[in-house]
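A.B. asks: Handing you this structure, nothing more for now.
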Amino acid sequence: MEGVVLDLVEEGSVSAIRARRQRPAESERASAPIWVGDTTVSVVVPTRNEVGNVGPLLRYIEASCTGLVSEVVFVDDSSDATPEAVLAEVGRHPFAVRLIARPPERRNGLGMAVVEGIRAATGTWVCVMDGDLQHPPEVIPQLLERALDRNATLVAASRLTDGGGTEGLSPFRKLLSYGLALVSRLLFPRSLRALSDPLTGFFVVRRDAVDPDGLRPEGFKILLELVVRTPTLSVAEVPFEFGKRLSGSSKASGTEMFRLFRQMVRLSLSARSRLLRFAAVGASGIAVNTALFAVAAWALGGHYLLAAVLATQGSTLWNFALSESWVFPDRAGTGRSRWLRLASYAAMNNALLVPRGPILLLLVSSGVVGPVAANVVSIVAIFALRYLVSDRLIWRGRAAVPLAMAAVPAPASRLRKG
């Protein structure tokens, strides 16, 4: 079966000319291998000066993934002959071999190289791996089988879980890997709860479960960016032994570590930005509620419990409008209708009047504060619960995971040729 080259390099370059000369005619291209359902895999390999590893990597993939891998996409930032080594392999394997040779002005890090590869991939699944054979290709079928068994949309190969290993790392790199994994899990406990090795560069992901345009990785740890920015992913992992580099040198450096820390800070702020916006909306809602409460309490002759009920209706409409347009705009068009969200939001706020009532009575009857201040305290006291219900239920995202997996065969079918 002939391989196919994808040419995304500058027009007129040597690589572009060679790519066009070696590209087989359309009629000569063999169709991609078909497995049960649509379980074909695009392997994305970001490379920089890996000329000695290209051929062995492709031979290992062929030996361990025949009929499963439909293409291998190299996204290359090299200054050596790595692009020529990739082009020399075209037509030698039972899968397509494609090259994205990025010009110097587009070489913006390994993470963005992976994003370009995911964007260009055509397989149902995308496997991201290094090109130095420290990520053994024979693990790829295990990753996909775990995805089918667990109905997962992303499966990571972990060095740090039971059964995994870090033989290919120096003692310092081992310590660094464990330390950075711990820091990552502390910063993002919810997103990374299913991952023991959130900084691994070896994983498979369902292609239609990811939006490449929403990823902005910095440095070389793409998995962290992918999982934190795509909370709808269903995540699992398998152990693997991290091997020794076959050829070339590691790309890890002090600069890359600095980029990683900067990425963690940026992701941490981004992950909490929705909560901060919700808090800002809540603060404005307190002002609206307080004004309405004061007017209602005066009009009702001091009946502050009934005033709280009436004020809640007005602040509910105010908060909903801002939440819909500013806090959860990315979820406004998914799942339930706007009117159903409004009804749910109003029901939540009115239901929360039940715990607020005793707080109001306690504060006012004890003489600690007046009715207006007690009303504000009762609203603040239930802030976390309001955010949790809003985030998890009212403005929850579309149930993307089951839909994305709709074409995947039942777990019992396992991997086998159709």
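The values are calculated or read from the model by the stated rules, or taken from the named source; none is laboratory data. Note that the coordinates shown come from a computational prediction; the quantities given were computed from them, not determined experimentally. Cβ: placed from backbone, ideal geometry, glycine included. Neighbour counts: every protein chain shown.
A.B. asks: Whether any residue in segment 349-365 is free of Cβ contacts under 8 Å to residues at least 24 places away in the same chain and either within 32 Å of the chain's Cα centre (by Cα) or not in a helix (DSSP H, G or I) (or both) is what I want to check.
C.D. replies: no
A.B. asks: Do we have any residue at all in segment 200-221 that's assigned by TED's automatic domain parsing to the domain that holds Asp130, under 15 Å from Leu110 (Cα atoms) and in a helix (DSSP H, G or I)?
C.D. replies: Yes, the conditions are met somewhere in segment 200-221.
A.B. asks: Looking for whichever is in a strand (DSSP E or B) and crowded, with 24+ Cβ neighbours inside 10 Å here; the options are Val115, Val72. Which one fits?
C.D. replies: None of the other options fit; the residue is Val72.
A.B. asks: Assess whether Thr82 counts as being crowded, with 24+ Cβ neighbours inside 10 Å and of a type in the set (Val, Ile, Thr).
C.D. replies: Yes: the conditions hold for Thr82.
A.B. asks: With the condition kept exactly as written, say whether any residue in segment 155-167 is at positive phi and among the small types (Gly, Ala, Ser).
C.D. replies: Yes, there is a match, as at least one residue in segment 155-167 is at positive phi and among the small types (Gly, Ala, Ser).
A.B. asks: Would you be able to tell me the number of residues in segment 207-252 that are closer than 16 Å to Phe188 by Cβ and at pLDDT 90 or above?
C.D. replies: Going through segment 207-252 one residue at a time, the tally reaches 3.
A.B. asks: Here is a further query. Among (1) modelled with pLDDT of 95 or more; (2) of a type in the set (Gly, Ala, Ser); (3) in a helix (DSSP H, G or I), which single condition is Ser42 missing?
C.D. replies: With (1) modelled with pLDDT of 95 or more; (2) of a type in the set (Gly, Ala, Ser); (3) in a helix (DSSP H, G or I) applied to Ser42, the lone miss is (3).
A.B. asks: Going through segment 75-112 one residue at a time, which ones are over 28 Å from Gln142 (Cβ atoms), in a helix (DSSP H, G or I) and free of Cβ contacts under 8 Å to residues at least 60 places away in the same chain?
C.D. replies: Once the filter is applied, which keeps residues that are over 28 Å from Gln142 (Cβ atoms), in a helix (DSSP H, G or I) and free of Cβ contacts under 8 Å to residues at least 60 places away in the same chain, segment 75-112 yields Ala88, Pro104, Glu105, Arg106.
A.B. asks: Please tell me if Arg338 is at pLDDT below 90 and either closer than 15 Å to Ser390 by Cα or surrounded by fewer than 18 Cβ atoms within 10 Å (Cβ to Cβ) (or both).
C.D. replies: It is true that Arg338 is at pLDDT below 90 and either closer than 15 Å to Ser390 by Cα or surrounded by fewer than 18 Cβ atoms within 10 Å (Cβ to Cβ) (or both).
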